[in-house]
Amino acid sequence: MSGRKEMRAIRVANYGGPEVLQVDPKVPVPVPSDTQVLVEVKAAGVNPVDTYIRSGSFGTTGPLPYTPGADAAGIVSKVGAKVTKFKPGDKVYVIRNVSGGYAEFTVAEESNVGKLPSHLSFSQGAGLGIPCYSASRAFIKAKGKVKPGNTVLVHGASGAVGLACVQIGKAKGLTVLGTAGTKEGMDLVLKHGAAKAFNHKEQGYIDKVLEATNGTGPDIIIEMLANVNLDTDMKIINKGGIIVVVGSRGNVEIAPRLLMFKESIVTGFALWNAPPEEIVEMHQVISEGLTKGWLVPSVQKEYKLEEAPLAHEEIINNTGTTGNRILIM
Ligand code: NAP
């Protein structure tokens, strides 16, 4: 137990650009309730959704000021009276918290805390929450087609969610095809278990995807940039296939007639809408991946807490993604 009363944390006083992410050195250390765990944060995950909320353009915004960040990893500092699974000193990861992750301490409900396996670093642990749970939910949405022997195209596989999709898809016995925008990204996608990788910046790469499926097209497409790719996805999906939209940053024109020809399904999700039975299923997949060792986040870059504005700029504007962006306390 640290006994500290104050901590450094990012505070957002007004919605706006990355510059509104300010370090406050005197934020009170949160106090856990009976069912909560206080974690001394060593690493906090940065996710695209953090930037949407910070900008004020997103639907789900709470009272100001606030500390951003859902995902973290660190050491248990204190537990509430009803907490049974954790004790001070345990190394843990946090998939959702109540006080904000971009801080030296965070509190989370016991049900949103997991033991960090010894083969993962704190930075990797901070990459488990939103990315891995979203990847897991994408396969729940594609359930009808998740069968060994079927093919999934992870369209945008080099990012935090995409790499988790590659690993989960492989573990489920699917043949995984993945795209990235650089050779480095493609190599990483292959290293994480994809059978083939393609460059989504290269002209004609879609023909190569079709060739890799003997012309039939993938049975599942998990889409990270639907505003660019949805129309193409609807053209190349196998008959009766499922397209799961995970990410989109704008509008797109599509030909609805393709749905008739392909008898395909286009679906999507927002992680926070997951019903309780899907949360149980997601926990099971993540915990199996951690126990068996096949789920390993890849950290692209670590930033200091005061570099949170840079992390927000880079996660939205950079190309050549190779995994998670993490703040180190
Ligand atoms: P990330 O780590 O920044 O990865 C972005 C991915 O998109 C990279 O693989 C990038 O590849 C790829 N990409 C860039 N241009 C592309 C193109 N033309 N076609 C296909 N892919 C392309 O982000 P993330 O955390 O994985 O999240 C991915 C998206 O899902 C974001 O938009 C995020 O907001 C969204 N998301 C949604 C949910 C939900 O609940 N629905 C949950 C989590 C995330 P290169 O950089 O190699 O080009």
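Key figures
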| read-out | value |
| --- | --- |
| Mean Cβ count within 10 Å, highest first, over the residues of peptides 153-165, 205-217 | 153-165, 205-217 |
| Cα-projected label distance for SER55 with TRP294, points at 7 Å along beta-carbon direction, nm | 3.6 |
| Segment LYS235-VAL31, length gained on full extension (0.36 nm per residue, minus Cα span) | 68.1 nm |
| The chain: angle of helix 129-141 to the longest principal axis, Cα-based, in degrees nearest 10 | 40 |
| Computed FRET value (nearest 0.05) for ASN318 with LYS87, which takes r as the C-beta separation and R₀ as 25 Å | 0.05 |
| Gain upon complete extension [TYR205, HIS119; 0.36 nm per residue less C-alpha separation] | 27.4 nm |
| PHE269/ASN227 FRET efficiency (R0 22 Å; Cβ-Cβ; nearest 0.05) | 0.85 |
| Carbon plus sulfur fraction of accessible area for the chain, probe 1.4 Å, in percent | 53 |
| Cβ-Cβ FRET estimate between ARG249 and ARG4, R0 fixed at 51 Å, reported to 0.05 | 0.80 |
| Alpha carbon centroid spacing (whole Å) that separates region 170-230 from region 279-329 | 20 |
| Principal-axis tilt of helix 160-171 within the chain, Cα atoms, nearest 10 degrees | 60 |
| Per residue accessible area of the chain, 1.4 Å probe, in Å² | 44 |
| Three-way shape call for region 213-262 based on the alpha-carbon gyration tensor, with the a/c threshold at 1.5 | oblate |
| Antiparallel DSSP beta bridges within the chain, as percent of all bridges there, nearest 5 | 55 |
| Prolate/oblate/rounded call for region 131-272, Cα gyration tensor, a/c under 1.5 rounded | rounded |
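The values are calculated or read from the model by the stated rules, or taken from the named source; none is laboratory data. All of these numbers come straight from a predicted model, not from anything done at the bench. A quick note on method: Cβ atoms are made from the backbone with ideal geometry, for glycine too, and the neighbour counts reach across all protein chains shown. SASA here: full protein model, heavy atoms, side chains in, ligands and nucleic acids out. Shrake-Rupley method; radii C 1.70, N 1.55, O 1.52, S 1.80 Å.
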